[in-house]
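One structure is given below, encoded as structure tokens.
The values are calculated or read from the model by the stated rules, or taken from the named source; none is laboratory data. Small disclaimer: the values here were computed from a predicted structure and weren't measured. Note that each Cβ is placed from the backbone with ideal geometry, even for glycine, and that neighbours are counted across all protein chains shown.
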Amino acid sequence: MNILLVYAHPEPKSLNGSIKNFTVKRLEDSGHRVQVSDLYAMKWKTTIDASDSREPLDSQRFDPYLESQHAFANGLQSQDIAAEQDKLRWADTVILQFPLWWFSMPAILKGWIERVYASGFAYGVGEHSDRHWGDRYGEGTLAGKRAMLVVTAGGWESHYKPRGINGPIDDLLFPIQHGILYYPGFDVLPPFVVYQTHKVDEAGFNQLTERLGERLDTLSLTPPIAYRQQNAGDYAIPELVLRPDILPGKTGFSVHIGD
Ligand code: FAD
């Protein structure tokens with residue numbers, strides 16, 4: 001397989017740096033081709049602005065959506081954005097690896113998503129009609145590819161359990177897994193999460209790489225999270241509300257996961 005690892009940690013000697021090195025070696029030893037987007041090393045430009053297009057539509061008023069759409073459709077995107085989109089097209093599987101910072105991804109990775117996920121590429125794709133609300137949530141440019149999060153967290157695992165103080169990890173990761181990965185079409189594999197990072201020592205590192213190694217060895221076999229497809233009948237269109245006969249009375253992120 002072709003595997004893209006998008007990696008966001010500023011320090012190569014960090015735990016994340018070691019996990020990244022382990023991941024690349026394990027995948028390459030298994031015969032996969034791997035590309036790494038090491039965002040800090042690349043000095044990735046995080047903010048969307050007018051310089052993202054070589055020929056902006058309107059030099060008086062910057063509209064992020066319209067400029068992104070125009071630049072993507074006309075081959076005018078800045079080279080760094082186009083290169084990352086090419087890597088996404090090349091990849092069969094994409095891994096996003098990052099430390100949990102303030103209950104989400106580091107800003108540099110969010111900035112990668114915002115700029116690389118252009119209008120016409122990751123959103124604004126497909127027909128909009130009474131029966132089909134765009135190619136998204138299970139359809140889209142990245143359909144047929146797999147994605148997985150590798151996340152490290154300082155907090156204890158219990159803090160992220162269903163009744164834990166931080167909120168369930170599945171809920172915290174929902175905007176990334178469902179909103180960022182499933183939306184443009186990825187099949188999303190269950191995340192790999194390392195908790196209590198400050199406790200990791202040599203023995204802990206060996207244990208975590210053993211677990212991670214198993215996940216990497218089974219990337220193509222692991223069943224994805226069964227998010228419901230938007231255009232397959234579970235949602236009323238255009239309201240995009242789950243049909244009342246499905247899980248009646250239930251609400252929350254988990255209702256968007258089927259059997
Ligand atoms: P490091 O600090 O580099 O390493 C952790 C431990 O692993 C160290 O003891 C180190 O010695 C050891 N180690 C590293 N490499 C190896 C190796 N090869 N072999 C053996 N041992 C090794 N946590 C939360 O739970 N929720 C949050 O919302 C949250 N927000 C944060 C916000 C910010 C701005 C920051 C800075 C931290 C936050 N944290 C949060 C904690 C954060 O998630 C952890 O600090 C991070 O995940 C640790 O990853 P690291 O790669 O930086 O680890």
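Here are a few things to note about the model shown:
- Residue that is nearest to the chain's Cα centre (by Cα), among those in region 189-201 that are outside any helix (DSSP H, G or I) and more than 25 Å from residue 29 (Cβ to Cβ): 195
- Complete set of residues in region 202-259 that are modelled with pLDDT of 95 or more, assigned to a loop (DSSP other than H, G, I, E, B) and among the hydrophobic types (A, V, I, L, M, F, W, C): 219, 221, 225, 226, 240, 246, 247
- Counted residues, region 208-218 - those being within 16 Å of the ligand (Cβ to nearest atom) and either among the aliphatic types (A, V, I, L, M) or in contact with a strand residue (DSSP E or B) (Cβ under 8 Å, 6 or more places away or on another chain) (or both): 3
- Look at region 10-36: where a residue is over 15 Å from residue 209 (Cα atoms) and a partner is near the ligand (Cβ under 8 Å from one of its atoms) and part of a helix (DSSP H, G or I), sitting 6+ places away or on another chain with Cβ atoms under 7 Å, you get 11/17.
- Scanning region 168-207 for residues that are under 22 Å from residue 220 (Cα atoms) and near the ligand (Cβ under 10 Å from one of its atoms) turns up 193, 194.
- Those residues of region 59-77 which are of a type in the set (A, V, I, L, M, F, W, C) and not in a loop (DSSP other than H, G, I, E, B), in sequence order: 66, 71, 72, 73
- Residues being surrounded by 14 or more Cβ atoms within 10 Å (Cβ to Cβ) and either without any contact (Cβ under 8 Å) to a residue 24 or more places away in the chain or of a type in the set (Val, Ile, Thr) (or both) - total across region 236-254: 3
- Checking each residue in region 1-58 for being polar (S, T, N, Q), assigned to a loop (DSSP other than H, G, I, E, B) and surrounded by 15 or more Cβ atoms within 10 Å (Cβ to Cβ) picks out only 46.
- Sole exception among (1) at pLDDT below 95; (2) within 16 Å of the ligand (Cβ to nearest atom) for residue 11, by number: (1)
- Residue match in region 103-122 (condition: β-branched (Val, Ile, Thr), surrounded by fewer than 20 Cβ atoms within 10 Å (Cβ to Cβ) and touching a residue at least 24 places away in the same chain (Cβ under 8 Å)): yes
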